[in-house]
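Engineer: What follows is a structure written as structure tokens; I'll ask about it next.
The values are calculated or read from the model by the stated rules, or taken from the named source; none is laboratory data. What you are looking at is a predicted structure, and each value in this text was computed from that prediction instead of being measured. Note: ideal-geometry Cβ built from the backbone for every residue, glycine included; neighbour counts use all protein chains shown.
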Amino acid sequence: MATLYKTAKSEYQDVDDVLEEREKRSDVKQRILMVASRGVTYRQRHLMNDLEVLLPHCKKESKVEAKQDIDLLNELAEIQNCNNVFYFESRKHQDLYLWVARAPSGPSVKFHVQNIHTMDELKMTGNCLRGSRPVLSFDANFDSEPHLQLLKEIFTQTFGVPKGARKSKPFFDHVFTFSVVDGRIWFRNFQIVEKDAQTGGDMAKTAKPTLVEIGPRFVLNTIRIFEGSFGGPTLYENPKYISPNVVRAAVRSQKATKYASRVADTQDREARVKANPLPVDPLKDVFE
Amino acid sequence: MSDDEHSYDEAMMEDEETALEIAALQSENLLPQPKKEFINHKAALRALVDEISQKSLKWIQRCDVTSSEPIVVDKTENDLDRELKFYQQGLEAVVRAQLEVQKAGMPFSRPDDYFAEMVKTDAHMARIRQKLLDQQKGIQNSEEAKKQRELRKYGKKIEQEKLKEREDQKKASLDKIATIKKRLRSGDLGEVDDFEIDVDSDGDGGKAKGARGKKGRDGKPTANKKRQLKDEKFGFGGKKRGLRKNTADSTSDMSGFSQKRNKSANFSAVHKRGKTKRPGKAKRQRTN
């Protein structure tokens, strides 16, 4: 009987219903695996926690040691049923690198994370619902270059909270802004305030809402884009990127040159004096 | 936005320092020159964008907004300008997103009676509020202190003027007394004594000598002036404890001191010369 009923029903089903159902099925599943390497500093860890709070569709894993075998992360993602990976790699207890990868097929991007400010800092006064969906705001610069277009697509899929995601709320009360300045990507998170700041009442319909920053803040400097997930052929290399190690080494060597140049100078002088001896004065012994 | 004006954090400072270092180093060609060839497979990147693109999805599922104009920042180090650009970008995105959400027939802002866990806890928000209040208080206090400082400066002037006025008054009345005394002594007694002051009784040495041998009320001879003063000073009958010690009042008591007398030729001459001293022994023997 049941099957008969079902077939009958399906025949008379509305076209709209079918479309709606299809749309429902087309709801994208995005899940992010968030992993830190061993040796992250507290600030880096707090940044990760902030992102975890803001992105309800992410799954945090315990720290991994994947210095050699970075492929391990693909397996981890598969086990956790995630199709994106944020891997926070800390080097020398000071430099933070962020891998954003689409597991298991790629692409993946490696960033150097700079200028980190976490939500704990008291100067950012905004607040938003836990799990509400963000508006993703991109700078028009993102459309200028193919690699930026790719980054924009990746950010949309990772930082955007999918509609109907678990633990998410169906409202928009904050906006993530991604801007390209100085060849780097600057991330900001603002609360959308639709109340009048003075009265606390509703604003006029025509008035623009205001924004209050929530945090965190960070700047991503692209290092490379790979075709695969955590590997594969390189598609893009940032010509402007200078490794922090190189910077530090250069600073050190600059300091060292001060001494080296002084030593060289004295050696030069000695050699010069030796090469050009003073001519003997013929009148030197006249009065003796 | 106003927060951006406040002091940077350590991280920001460090990073800005490194940026400056890089600039300095590059100018001196100390950093290794970037290699000539950089990988940038534009075609492959474009293909990849098309491959992973979710452009077919409805807006409500992607929630991305690209700004109408690219961000141009003249100087990246200019915090205020840069953050303002980010703010404007975010605001534009929010306004456009509101329309899109409306179009999709979804709620944008959360209803007033919808309460849920927030990203920042109440305790954290309280701390932020406290910090803001403290800041405000600090500003108020400093302003108040500034005002007080000004007032004090003004008040000192007023006080000095008042003291001078009082001194002038005193001088004037003393002069008046002196003239009256003079008149009385010269025998011009025609006028009535306005002040009812026993002008004769105050400190005239000549009169005291004349009083020697006077009998007191009970028939006993009154002590001479010197005795009286000594009694006063060293005590004669009654409790002595503590009386012969200086007190703050007694030390600061300048009633017996007269500037006029002190400066007078007579007085200072006495002090300089002293009393006629007894000559030394040798001198005495010589004369005798």
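Engineer: So for segment B:78-99 (the condition being at the interface with chain A (Cβ under 7 Å from one of its Cβ atoms), closer than 16 Å to A:Phe187 by Cβ and of a type in the set (Val, Ile, Thr)), does at least one residue qualify?
Structural biologist: Checked segment B:78-99: no residue is at the interface with chain A (Cβ under 7 Å from one of its Cβ atoms), closer than 16 Å to A:Phe187 by Cβ and of a type in the set (Val, Ile, Thr).
Engineer: Scan (1) assigned to a loop (DSSP other than H, G, I, E, B); (2) buried (at least 22 other Cβ atoms within 10 Å of the Cβ) for the single condition A:Ile192 breaks and write down its number.
Structural biologist: (1)
Engineer: Could you tell me whether any residue of segment B:110-125 is at pLDDT below 90 and of a type in the set (Phe, Trp, Tyr)?
Structural biologist: Yes - at least one qualifying residue is present in segment B:110-125.
Engineer: Which members of segment A:174-198 meet the condition of being under 23 Å from the mean Cα position of the chain (by Cα) and either at the interface with chain B (Cβ under 7 Å from one of its Cβ atoms) or aliphatic (A, V, I, L, M) (or both)?
Structural biologist: A:Val175, A:Thr177, A:Ser179, A:Val180, A:Val181, A:Asp182, A:Ile185, A:Trp186, A:Arg188, A:Phe190, A:Ile192
Engineer: List the number of the failed condition for A:Ala140; all other conditions in (1) buried (at least 20 other Cβ atoms within 10 Å of the Cβ); (2) within 8 Å of chain B (Cβ to nearest Cβ); (3) not charged (D, E, K, R) hold.
Structural biologist: (1)
Engineer: Next question, about the same structure. Can you name the number of the only condition in (1) under 21 Å from A:Val135 (Cα atoms); (2) buried (at least 23 other Cβ atoms within 10 Å of the Cβ) that A:Ile225 fails?
Structural biologist: Going through the list (1) under 21 Å from A:Val135 (Cα atoms); (2) buried (at least 23 other Cβ atoms within 10 Å of the Cβ), A:Ile225 breaks only (1).
Engineer: Give the residues of segment B:36-73 that are loosely packed, with under 14 Cβ neighbours inside 10 Å, of a type in the set (Ser, Thr, Tyr) and either assigned to a helix (DSSP H, G or I) or within 7 Å of chain A (Cβ to nearest Cβ) (or both), sorted by residue number.
Structural biologist: The one that is loosely packed, with under 14 Cβ neighbours inside 10 Å, of a type in the set (Ser, Thr, Tyr) and either assigned to a helix (DSSP H, G or I) or within 7 Å of chain A (Cβ to nearest Cβ) (or both): B:Ser68.
Engineer: Whether any residue in segment B:83-92 is in contact (Cβ under 8 Å) with a residue 40 or more places away in the chain and acidic (Asp, Glu) is what I want to check.
Structural biologist: Yes.
Engineer: Further, regarding this structure: Test A:Leu211 against the stated conditions and say whether it is more than 8 Å from chain B (Cβ to nearest Cβ) and part of a strand (DSSP E or B).
Structural biologist: The answer is no for A:Leu211.
Engineer: Answer yes or no: is there a residue in segment A:153-173 that is part of a strand (DSSP E or B), more than 9 Å from chain B (Cβ to nearest Cβ) and among the acidic types (Asp, Glu).
Structural biologist: There is no residue in segment A:153-173 that is part of a strand (DSSP E or B), more than 9 Å from chain B (Cβ to nearest Cβ) and among the acidic types (Asp, Glu).
Engineer: Can I ask one more? Only residues that are closer than 17 Å to A:Lys195 by Cβ and hydrophobic (A, V, I, L, M, F, W, C): list them for segment B:117-147, please.
Structural biologist: B:Met118, B:Met125
Engineer: Say whether the condition of being exposed (fewer than 10 other Cβ atoms within 10 Å of the Cβ) and at pLDDT below 60 is met by at least one residue in segment B:222-234.
Structural biologist: Checked against the condition, which is being exposed (fewer than 10 other Cβ atoms within 10 Å of the Cβ) and at pLDDT below 60, segment B:222-234 yields no hits at all.
Engineer: Being in contact (Cβ under 8 Å) with a residue 24 or more places away in the chain and assigned to a helix (DSSP H, G or I) is the filter here, so list the residues in segment B:104-123 that pass it.
Structural biologist: Across segment B:104-123, the qualifying residue is only B:Ala104.
Engineer: Shifting gears a bit: So which residues in segment A:241-254 are more than 9 Å from chain B (Cβ to nearest Cβ) and modelled with pLDDT under 90, if there are any at all?
Structural biologist: The answer is A:Arg252, and nothing else.
Engineer: Within segment A:164-185, which residues are touching a residue at least 12 places away in the same chain (Cβ under 8 Å), of a type in the set (D, E, K, R) and either closer than 19 Å to A:Val212 by Cα or out of contact with any Leu (no Cβ under 9 Å at 6 or more places or on another chain) (or both)?
Structural biologist: The answer is A:Arg166, A:Lys167, A:Asp173.
For every residue, the table says whether it meets (1) modelled with pLDDT under 95; (2) of a type in the set (A, V, I, L, M); (3) surrounded by fewer than 11 Cβ atoms within 10 Å (Cβ to Cβ).
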| site | (1), (2), (3) |
| --- | --- |
| A:Leu4 | yes, yes, yes |
| A:Ser10 | yes, no, yes |
| A:Val18 | yes, yes, no |
| A:Glu21 | yes, no, no |
| A:Val28 | yes, yes, no |
| A:Ser37 | yes, no, no |
| A:Arg43 | yes, no, no |
| A:Pro56 | yes, no, no |
| A:Lys60 | yes, no, no |
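Engineer: Return yes or no: is A:Arg91 of a type in the set (Lys, Arg) and within 14 Å of another protein chain (Cβ to nearest Cβ)?
Structural biologist: No, not satisfied.
Engineer: List every residue pair whose Cβ atoms sit under 9 Å apart, with the two residues 6 or more apart in sequence or on different chains, where the first one lies in segment B:228-257 and is outside any loop (DSSP other than H, G, I, E, B) and the second, anywhere, is of a type in the set (Lys, Arg).
Structural biologist: B:Lys233/B:Arg244; B:Phe234/B:Lys240; B:Phe234/B:Arg244
Engineer: Still on this model: Within the group B:Val49, B:Val65, which residue is farther than 21 Å from A:Leu54 by Cα, in contact with a Lys or Arg (Cβ under 9 Å, 6 or more places away or on another chain) and of a type in the set (A, V, I, L, M, F, W, C)?
Structural biologist: B:Val49
Engineer: Sticking with this structure for a sec: State which residue is surrounded by the most Cβ atoms within 10 Å (Cβ to Cβ) when the search covers only segment A:108-122 and only residues that are touching a residue at least 60 places away in the same chain (Cβ under 8 Å) and farther than 21 Å from A:His93 by Cα.
Structural biologist: Top of the filtered list is A:Ser108.
Engineer: Here's another thing I want to ask about it. Assigned to a helix (DSSP H, G or I) and surrounded by 21 or more Cβ atoms within 10 Å (Cβ to Cβ), is that true of A:Asn49?
Structural biologist: no
Engineer: A follow-up question, please. Regarding A:Asn238, is this residue more than 9 Å from chain B (Cβ to nearest Cβ) and modelled with pLDDT under 95?
Structural biologist: Taking the combined requirement at face value, the residue does not satisfy it.
Engineer: Would you call B:Ala116 facing another protein chain (nearest Cβ under 7 Å) and touching a Cys at 6+ places or on another chain (Cβ under 8 Å)?
Structural biologist: Against the criterion (facing another protein chain (nearest Cβ under 7 Å) and touching a Cys at 6+ places or on another chain (Cβ under 8 Å)), B:Ala116 does not qualify.
Engineer: If you don't mind, there's one more thing I want to ask. Please go through (1) facing chain B (nearest Cβ under 7 Å); (2) more than 19 Å from the chain's Cα centre (by Cα) for A:Pro107 and return the number of the only condition it doesn't satisfy.
Structural biologist: It is condition (2) that A:Pro107 fails.
Engineer: Another question, if that's okay. Among the numbered conditions (1) outside any loop (DSSP other than H, G, I, E, B); (2) at positive phi; (3) among the polar types (S, T, N, Q), tell me where A:Ser90 comes up short.
Structural biologist: If we test A:Ser90 against (1) outside any loop (DSSP other than H, G, I, E, B); (2) at positive phi; (3) among the polar types (S, T, N, Q), just (2) comes out false.
Engineer: Which numbered condition trips up A:Val263, out of (1) over 26 Å from A:Asn115 (Cβ atoms); (2) surrounded by 13 or more Cβ atoms within 10 Å (Cβ to Cβ); (3) out of contact with any Ser or Thr (no Cβ under 7 Å at 6 or more places or on another chain)?
Structural biologist: That leaves (2) as the condition not met.
Engineer: Here's a follow-up. If you go through segment A:218-235, how many residues are at the interface with chain B (Cβ under 9 Å from one of its Cβ atoms) and in contact with a Ser or Thr (Cβ under 9 Å, 6 or more places away or on another chain)?
Structural biologist: 3
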